[in-house]
Amino acid sequence: MNYGIDTSTDNSPLMIRTTYREAVRDAIREAILKDDRVFLMGEDVGRYGGAFGVTKGLLQELGPDKIMDTPLCESGFTGAGIGAALGGMRPIVEVMTVNFSLLAADQILNTAATYLHMSGGLFNVPLVIRMGTGGGKQLAAQHSHSLEGWYAHIPGIKVLTPAVLEDARGMLWSALEDPDPVLIFENTLLYNMEGQLPANAGAVDIDRACIRRVGRDVTLISYSASLFKALEAAETLAQEGIEAEVIDLRVLRPLDEATFLNSVAKTHRAVIIDEGWRSGSISAEISARITEKAFYDLDDPVERICAAEVPVPYASHLEQAALPQAATIVNTVRRMVTRHG
Amino acid sequence: MKKKHGTAQAPAAVNSHQHLRDLLYQMLRIRRFEDKCAELYSDMKIRGFLHLYNGEEAVAVGVMQALNPEDAIVATYREHGQALARGISMNTIMAEMFGKQEGCCRGRGGSMHLFNKEHRFYGGNAIVGGGLPLAVGLALADKKLDRKRLTCCFLGDGAMAEGEFHESMNLAALWQVPVLFVCENNQYAMGTALKYSHAVTNLVQKAASYGIDHAAVDGMDVLAVEEVAQKVAPAIRETGKPFFLECTTYRFRAHSMFDAELYREKAEVEQWKQRCPIATLTQQLKEQEKISDADLEAIEQLIHQEINHAIAFAEAGTWEPVEELTRFVYSEPSI
């Protein structure tokens, strides 16, 4: 599924077919081969090959110094990642899922995010933490949540949410080059996504949102796996003559508000699609910014399509009902557009 | 008593007059500094939480003798003693507590968060146990980069009930990284006595259960602390293996400036004060005629002057402009 995204560029001589999972794996491999200070550690990243298969084969290829299996101690190995970063390394810490990252929340929030500030600018922490996020695989309430919006609340860290293959491939290196802690959230539903990628794909920026589809009638603002629901909805709407502009936030902190504010100034309508819960969410933040800074551009109140306010349930029909769906986006936009003709 | 030589920082033989006097001077310097901090707190010059080190000076001073300039230190929120003994200037520590931008962290950290790059002093951590994984990581970097240096991680008995302690012990032993864990067992986690926080109060046993070499020492005896630290530090650097050192000590003052000390008897405090590491060493040196009253007076004078100078420095310090409030959240591009 690539929903009509044109990933080719004029100067790319060779395109390869790949998956999101392989793109992340290639990015890890490249970083480790390129910079001797880079290594990856986390639970089951080595012998098991990664809980989601991302790091399969890397231990055999790169050795145990570069691909380190850790015990089950999220706080311990995340803190060790911070220490190693302070000691001159460029660690990539993999936390299996965002739910487990709460066991490391102390190290992420109280140490990584505060260290530079508490030390008056003396010590920066060049650490990258990758983790799985999102629901949709019937993994129930302790493996399915989308807490990246929570992390985006915290000053001192950066929060990346790669949705497309280029970003899965290119954000890691940019994150490693960043002097401060960067969290990368990989929606686990995306790992199997296939597509074309230039063979020489490389680093991408990690500070801007991106317009994935140009439109004039409504702005759909989303990120990560929800982006594809927004694009699917835009296809359906296009058949009805409604042209939706689709924005991929890419980065939740710092938030590139200029991109969505400019879009709203053009379309006069905004719908935010977020797999996190509605209350106190990143969608609430975006909605607030639109209200604060583009109020007079709006023809309609901002709409939000978020996860239902319930721990994600196991049963498939209930889980699907809890998560944002393309049909809901379509219906919401239809309602908005017809409201004013 | 024998002492290993060969480090840049190592003083002359442990029993030399000069070295013994220096140990006394360093402990006294911390004691007088802390007493002055308490006064300055009452004068509202220092605010926030202030945790004083009175009674525990032998631990920081004794351990610090064994560390090289290349070694790293991770400390707790009760870290003025470590910072001073490590050589961070008293001026910048005092200015930090006054909240001035001339402070070692520009007034962003305060008493609980002292940092210094030159001395590899990695804080000042106010999350109990939070510094331990960090120390493991610093040592892991040294192992990976094949640097023969150690990370000295101070922790309290309270931290040993935290999950991060057990995670860090396991990681340090599993990865075999050069960390010297120094437990300052002052027998209280804030106001909760050891026996109320630990099912097993024999603390070295916890390190032993992770296969980590360990020792317990009288933390009120600076010479004993130094001796064991001098013995184990080179071995940690050489073998790259962690070591756990328990120093039994006692906090003479309240936990912080907000503590009414309802949880312990005055008699107990007085009993421990009889074992004051400074009084003990002074007594020893006097009996051995290694120090005179005039020497002591000179030391007191020297410290008095330094503290006064530090206060003047802090008073003369400036407030960081509020316009700079949001600096140091992310790294600034180097010019």
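The values are calculated or read from the model by the stated rules, or taken from the named source; none is laboratory data. Because the structure is a prediction, the values reported are computed rather than measured. With ideal geometry, Cβ positions are generated from the backbone for all residues, glycine too; neighbour counts draw on all protein chains shown. Please note that ligands, DNA and RNA were not included when accessible areas were found on the heavy atoms of the full protein model with its side chains. Shrake-Rupley method; radii C 1.70, N 1.55, O 1.52, S 1.80 Å.
For the protein assembly as shown, the spread of Cα positions along the three principal axes, ordered from largest to smallest, is 99, 54, 49 Å. Just to be sure I understand: with springs between alpha-carbon atoms less than 10 Å apart, which residue in A:Ala152, A:Ala315, A:Ala307 has the highest mean-square fluctuation in the Gaussian network model of chain A? For chain A, modelled as a Gaussian network with Cα springs under 10 Å, the answer is A:Ala315. Keeping all protein chains in the complex and leaving out DNA, RNA and ligands, what accessible area do you get for B:Lys117 with a 1.4 Å probe, in Å² to the nearest 10? Around 120 Å² of this residue is reachable by solvent. In region A:99-127, the residues whose accessible area drops by at least 20 square angstrom when the other protein chains are added to the isolated chain are A:Asp106, A:Gln107, A:Asn110, A:Thr111, A:Tyr115, A:Leu116, A:His117, A:Met118, A:Ser119, A:Gly120, A:Leu122, A:Phe123; the probe is 1.4 Å and only protein heavy atoms count. For A:Phe100, the accessible area of its heavy atoms, probed at 1.4 Å with every protein chain present, is near 40 square angstrom. Please give me the summed charge of the neighbours of B:Arg327: other residues whose Cβ is under 12 Å from its Cβ, Lys and Arg +1, Asp and Glu -1. Local charge sum for B:Arg327: -2. All other residues whose Cβ lies under 12 angstrom from that of B:Glu162 are scored, Lys and Arg at +1 and Asp and Glu at -1, for a net of -3. Working note: Cα gyration tensor of chain A, eigenvalues times five, square-rooted, sorted largest first, giving semi-axes of 33, 22, 20 Å.
I want the antiparallel fraction of DSSP beta bridges within chain A, as a percent rounded to 5.
On the way: 10 of 45 bridges.
So the antiparallel bridges in chain A amount to around 20 percent.
Surface listing: B:Lys144, A:Lys158, B:Lys266 arranged by accessible area from highest to lowest gives B:Lys266, B:Lys144, A:Lys158, probe 1.4 Å. Looking only at region B:153-193, which residues have a backbone nitrogen under 17 Å from a spot 7 Å from the Cα of B:Ala208 in the C-beta direction? B:183, by backbone N distance to the label point.
A:Trp173 contributes an accessible area of around 40 Å² to the protein surface, as traced by a 1.4 Å probe with all chains present.
Region A:30-90 and region A:227-270 have their alpha-carbon centroids 36 Å apart. What region B:19-315 shows is 37 Å² of accessible area per residue, with the surface traced by a 1.4 Å probe over protein heavy atoms.
The equivalent ellipsoid of chain B has semi-axes of 27, 26, 22 Å, largest first, where each one is the square root of 5 times an eigenvalue of the Cα gyration tensor. For region A:89-128, the per residue solvent-accessible surface stands at 23 Å², with DNA, RNA and ligands left out and a 1.4 Å probe. Counting every C-alpha pair in region A:241-341, the share spaced more than 22 angstrom apart comes to 32%. Computed over every Cα-Cα pair of region B:90-212 and binned at 5 Å starting from 0, the pair-distance distribution P(r) comes out as 2, 11, 18, 19, 16, 15, 11, 6, 2, 0 percent. Surface composition of region B:19-315: carbon plus sulfur atoms hold 50% of the accessible area, using a 1.4 angstrom probe and ignoring ligands, DNA and RNA. Across region A:5-198, how large is the tail of the calculated P(r) beyond 23 Å, expressed as a percent of all Cα pairs? Within region A:5-198, distances greater than 23 Å cover 40 percent of Cα pairs.
For region A:5-198, which whole-number percentage of the solvent-accessible area (1.4 Å probe, protein heavy atoms only) is attributable to carbon and sulfur atoms? Write out the running numbers ahead of the final one.
On the way: 3310 of 6350 Å².
The computed percentage sits at 52.
Please compute the Cα-Cα pair-distance distribution of region B:237-326 with 10 Å bins starting at 0, giving whole percents from short to long. Pairs per bin, as whole percents: 11, 19, 27, 28, 14, 2. A cut-off under 15 angstrom between Cβ atoms defines the neighbours of A:Ala85, and their net charge, with Lys, Arg +1 and Asp, Glu -1, is +1.
In whole percent, how big is the carbon plus sulfur part of the accessible area of region A:210-339, probe 1.4 Å, protein atoms only?
Answer for region A:210-339: carbon and sulfur cover 53 percent of the accessible area.
Using a 1.4 angstrom probe on protein heavy atoms only, the contact between B and A buries about 3100 square angstrom of accessible area, both sides summed.
Can you tell me the FRET efficiency between B:Thr318 and B:Ala38 if r is taken as the Cβ-Cβ distance and R0 is 30 Å, rounded to the nearest 0.05? Using R0 = 30 Å, I get an efficiency of 0.75.
Largest first, the residues B:Asp142, B:Asp22 sort by 1.4 Å accessible area into B:Asp22, B:Asp142. Helices in the protein assembly as shown, meaning DSSP H runs of at least 4 residues, each add -39500 (n - 2.57). Divided by all residues, the mean residue ellipticity at 222 nm is -12000 deg cm²/dmol.
Compared with its chain on its own, region B:102-118 contains the following residues whose accessible area drops by 20 Å² or more in the full protein assembly (probe 1.4 Å; ligands, DNA and RNA excluded): B:Cys105, B:Arg108, B:His113, B:Phe115, B:Lys117.
Can you list which of the GluC sites (Glu not before Pro) found in region B:92-173 are DSSP loop residues with at most 13 other C-beta atoms within 10 Å? Those that pass, being in a loop and sparsely packed, are B:Glu118. Each principal axis of the Cα atoms in region A:148-271 has its own extent, and those three values, largest first, are 45, 33, 23 angstrom.
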